[in-house]
Amino acid sequence: MCSVCSPGSCRQVDKDALDTQVKDRKIQEETEKAQNEKIAGEMKQNDKITCILDERQRKDIRNLNKALAEFQHNFQKPETRREFDLSDPQGLKKDTPARLSDSDPRCTVSGLQMFVGEDLNQAQRSDFQKEQSREWFLQQQRDWENALADKKLAEDLYDKNRVELDQKAIELQRINEETRRAVCAAIKDCNRIQAADLAERKKIEKRQEEGDNMAEISNLLQGDLLSENPEQATSSFGPHRVFTDRWKGMNQDQLMAIRYTQQQQVLEKLRLQEEELQRNAEWDRQCVQAARAQLLFERQQQRLNREHRRALDNANAQLSQEQKSRRIYLQEEVYSNCPTGQYFTQFNTTSR
């Protein structure tokens, strides 16, 4: 039952739901009934169509059989059949000789009336075959003689062509040798001329190189490089920059300035190292103090935890003792007198 609405309203809601379900059920039954009636009507219609088709098929078969019987009666009489000659009563009167000529259409393969070599024109055929064989032999003999003649002619032509080709090869080889000798002579003359030109050019280049070397030696001897002039290495970009290919080194004042700068750098590095050592020592000291303070704090925390645990154990023991005393009191004092049946008879004794 719903805890919000009253019992009467709940029953009214249930009745409406049941009425709705009944209406839905009636509608569903009517729908199913209409569907079943429709299906039954379609089945009746299909049965009627099936009966009509069966009747039509039987009628067609009957007409076909009747037409077939009429056709056999009109066009397939017994005397038109192939095997009618076996049962023809007039067969002996109609019988003819087994073989009239070689071209008799009755002399089929299955009749076994004529075999190979047993025709009526055997003598003429034998003479024709002999004459044909003789002609074939004579034709083969003529063909063989012609083939031998053609072969001999081809060999003669081949020998003639081979001789001509050999003569042409010898002539080409001679021309090739003469051309090679002429080319070698021309190459030799050309090489001799080129060698003379090369020797003359080398002499000219050697004289020119000697002159250049003498001029270069003179320039070097008179120049600033060998004279070690310090101004030649000065750069136009500033006094602190020099040309390395012409610089001869630093003087004593520059070397002393560099050494003094190096000593100052060494002292500065030692000072920085000392400061780094002091910072590391201070950091280590602070780490040790922090670790010691952490250790003291942990020890104090452990001591407080032990004291708290001890106080909690004492409180628990006291509570346990009190509960035990109360339980003993209840069992020995409060629950010592058990009620009897007379105690319960004093209740419900009046009519009110």
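I'd like the accessible area for M43, computed on protein heavy atoms only with a 1.4 Å probe and all protein chains in place. Round to 10 Å², please.
Around 110 Å² of this residue is reachable by solvent.
Would you calculate the separation in nanometres between label points at L148 and N251, each defined as 7 Å from the Cα along the Cα-to-beta-carbon direction?
Using points 7 Å along Cα→Cβ, the separation is 12.5 nm.
Hey, any idea what % of segment 261-311's accessible area is carbon plus sulfur with a 1.4 Å probe?
Using a 1.4 Å probe with all protein chains present, segment 261-311 comes out at 54 percent carbon and sulfur.
Quickly work out the E282-to-R181 label distance, labels modelled 7 Å from Cα along the C-beta direction, and quote it in nm with one decimal.
Distance between label points: 11.0 nm.
With a probe of 1.4 Å, find how much accessible area segment 25-101 has per residue, and write the answer as a whole number in Å².
With the other protein chains kept in place, segment 25-101 gives 98 Å² per residue.
Got a number for the accessible area of T108? Probe 1.4 Å, square angstrom, nearest 10.
70 Å²
Under 17 Å from the Cα of K168, which aspartates and glutamates turn up, not counting those fewer than eight places away in the same chain?
D159, E177, E178
Cross-link candidates for K94: which lysines have Cα within less than 20 Å, leaving aside residues fewer than 8 places away along the same chain?
Output for K94: K77.
Got a number for the accessible area of Y335? Probe 1.4 Å, square angstrom, nearest 10.
150 Å²
Evaluate E = 1/(1 + (r/R0)^6) for Q124 and T96, where r is the Cβ-Cβ distance and R0 equals 35 Å; express this FRET efficiency to the nearest 0.05.
0.85
By how many nm would the segment from E275 to Q167 lengthen if fully extended, with 0.36 nm per residue of separation less the alpha-carbon distance?
The E275-Q167 span can extend by a further 27.9 nm.
If D284, D253, D159 are ordered by their accessible area, calculated over protein heavy atoms with a 1.4 Å probe, which sequence runs from highest to lowest?
D253, D284, D159
For L18 and A69, calculate 0.36 nm times their separation in residues minus their Cα-Cα distance, and state this gained length in nm to one decimal.
Here the answer is 10.8 nm.
In terms of Cα to Cα distance under 14 Å, which aspartates and glutamates are near enough to K202, apart from those fewer than 8 places away along the same chain?
E210
How far apart, in nanometres, would the label points at Q222 and Q28 be if each is projected 7 angstrom from Cα along the Cα-to-Cβ direction?
13.2 nm
The values are calculated or read from the model by the stated rules, or taken from the named source; none is laboratory data. A quick note: this is a predicted structure, and the numbers were derived from the prediction, not measured. Note: ideal-geometry Cβ built from the backbone for every residue, glycine included; neighbour counts use all protein chains shown. Calculation scope for accessible area: heavy atoms of the full protein, side chains included, ligands and nucleic acids excluded. Shrake-Rupley method; radii C 1.70, N 1.55, O 1.52, S 1.80 Å.
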